[in-house]
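All of the numbers you see were taken from the coordinates with simple rules; none came from a lab. Please read all numbers here as calculations on a predicted model, not as lab measurements. Using ideal geometry, Cβ is built from the backbone for each residue, glycine included, and neighbour counts are taken over all protein chains shown.
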């Protein structure tokens, strides 16, 4: 699969998910060598594709140190290895991004894709801030100081909440009446 083979969806989250799928499929899927991580994290050994790793992390919700180590490495690679790893970070966070966007879209009268776009924008801004902080200080990449997936996703959710509040504050077109 190549990027030109993809019929790009209109939804920002769907488009990011399609890009992640394109980057992680055969013949050369993006992977992480889990043997390079601390054995105490509980991560399985060997090289694992990013979708398989994401599935493993979802199946082990209490593997906090494993999740933090994986996230630290994904953010480090996004900083050092370029745009493909930025898409990889989005793809790894996609289940949570979709969950939050869906939750925020419930009862939202605007286009739900606007909420998804804001959640994605906020996530990318937080990831960029995390990589900028790591560039400024080597301490930012040490254990306990690195941004977690939860903190980065939370920033994205805040963007979605702001969009929802702006919509709720708009005067309703139904409340204004036109007299003839």
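Packing, taken as the mean count of other beta carbons within 10 Å per residue, orders the peptides 115-124, 46-55 from highest to lowest as 115-124, 46-55.
The listed peptides 7-14, 91-98, ordered by packing as a protection proxy, come out as 91-98, 7-14 (highest mean of other Cβ atoms within 10 Å first). Sorted on the mean count of surrounding Cβ atoms within 10 Å across their residues, most packed first, peptides 102-114, 16-28 read 16-28, 102-114. Spin-label model, residue 166 to residue 121: label points 7 Å out along the Cα-to-beta-carbon direction sit 0.6 nm apart.
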